[in-house]
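Some notes on the structure that comes next.
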């Protein structure tokens with residue numbers, strides 16, 4: 001299965017989620033390849049920190065910020081891996097466009113801020129383009145950096161706005177603003193590997209992973 005975590009809007013936490021997904025699947029015993037499709041190389045840096053810390057399982061990671069290179073490498077190597085997670089975006093790039101054509105699933109993180117929700121229109125247009133070339137791309141939007149409160153009006157308003165964008169299925173597995181995510185990401189760790197443990201952060205990532213992969217299996 002190939003999943004792209006992407007958004008043309010920066011600062012929505014796509015790299016955090018891509019790294020968490022990759023490690024979670026590796027911890028579940030899957031052969032995982034994480035591709036950093038962003039020139040900033042943040043995901044690759046996180047995995048390098050994990051390797052330097054001697055954490056197991058190790059995560060295979062490569063950086064291809066150029067669309068043709070990313071497409072060629074994935075086409076050559078896709079059968080070697082059970083799951084490929086591509087971190088792409090922050091802007092409309094050739095890597096993001098290549099990733100969309102290759103992927104089974106697109107996960108678009110968005111924050112509960114009006115300009116983040118508006119930016120989904122740009123991603124919706126890219127989804128339409130990708131679907132015109134390739135059938136079967138499923139696109140999900142997930143709220144990231146959500147307000148911690150269970151009954152936040154901003155969270156509810158953002159979720160309702162996303163439901164109006166027909167290209168996306170809203171994934172009701174919000175990730176809230178928690179220090180555990182930034183602490184874990186910088187060290188290349190899953191939140192479940194971080195000490196002290198944050199049970200709420202762990203439960204949120206577990207819910208996201210379960211939702212994403214169960215949906216694909218049902219499909």
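The values are calculated or read from the model by the stated rules, or taken from the named source; none is laboratory data. Since we're looking at a predicted model, the values are computed, not measured. Every residue, glycine among them, receives a Cβ derived from its backbone with ideal geometry; neighbour counts consider all protein chains shown.
Below is a table of values for the structure above.
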quantity: Conditions (1) assigned to a helix (DSSP H, G or I); (2) under 20 Å from residue 3 (Cβ atoms); (3) modelled with pLDDT under 95; number of the one not met by residue 98; calculated: (3)
quantity: Number of the exception - residue 98 against (1) more than 16 Å from residue 32 (Cβ to Cβ); (2) more than 17 Å from the chain's Cα centre (by Cα); calculated: (2)
quantity: Selection count where residues are in a strand (DSSP E or B) and more than 14 Å from residue 4 (Cβ to Cβ), scope segment 142-155; calculated: 2
quantity: Some residue of segment 42-56 being assigned to a loop (DSSP other than H, G, I, E, B) and within 22 Å of residue 211 (Cβ to Cβ); calculated: no
quantity: Among (1) buried (at least 17 other Cβ atoms within 10 Å of the Cβ); (2) within 28 Å of residue 132 (Cβ to Cβ); (3) at pLDDT 95 or above, the one test that residue 69 misses; calculated: (1)
quantity: Filter result (surrounded by fewer than 19 Cβ atoms within 10 Å (Cβ to Cβ) and within 17 Å of residue 3 (Cα to Cα)) within segment 112-127; calculated: 124
quantity: The one condition in (1) in contact with a helix residue (DSSP H, G or I) (Cβ under 9 Å, 6 or more places away or on another chain); (2) surrounded by fewer than 17 Cβ atoms within 10 Å (Cβ to Cβ); (3) over 19 Å from residue 18 (Cβ atoms) that residue 158 fails to fulfil; calculated: (2)
quantity: Set 39, 55: member being surrounded by fewer than 23 Cβ atoms within 10 Å (Cβ to Cβ), touching a residue at least 24 places away in the same chain (Cβ under 8 Å) and over 15 Å from residue 86 (Cβ atoms); calculated: 55
quantity: Residue list for segment 156-178, filter: in a helix (DSSP H, G or I) and more than 19 Å from the chain's Cα centre (by Cα); calculated: 156, 157, 160, 161
quantity: Segment 75-90, residues that are exposed (fewer than 15 other Cβ atoms within 10 Å of the Cβ) and assigned to a loop (DSSP other than H, G, I, E, B); calculated: 82
quantity: Residue match in segment 30-48 (condition: at pLDDT below 95, out of contact with any strand residue (DSSP E or B) (no Cβ under 9 Å at 6 or more places or on another chain) and farther than 17 Å from residue 145 by Cβ); calculated: yes
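Yes or no, residue by residue, for (1) modelled with pLDDT of 85 or more; (2) in contact with a strand residue (DSSP E or B) (Cβ under 6 Å, 6 or more places away or on another chain); (3) not in a helix (DSSP H, G or I):
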position: 123; (1), (2), (3): yes, yes, no
position: 140; (1), (2), (3): yes, yes, yes
position: 180; (1), (2), (3): yes, no, no
position: 200; (1), (2), (3): yes, no, no
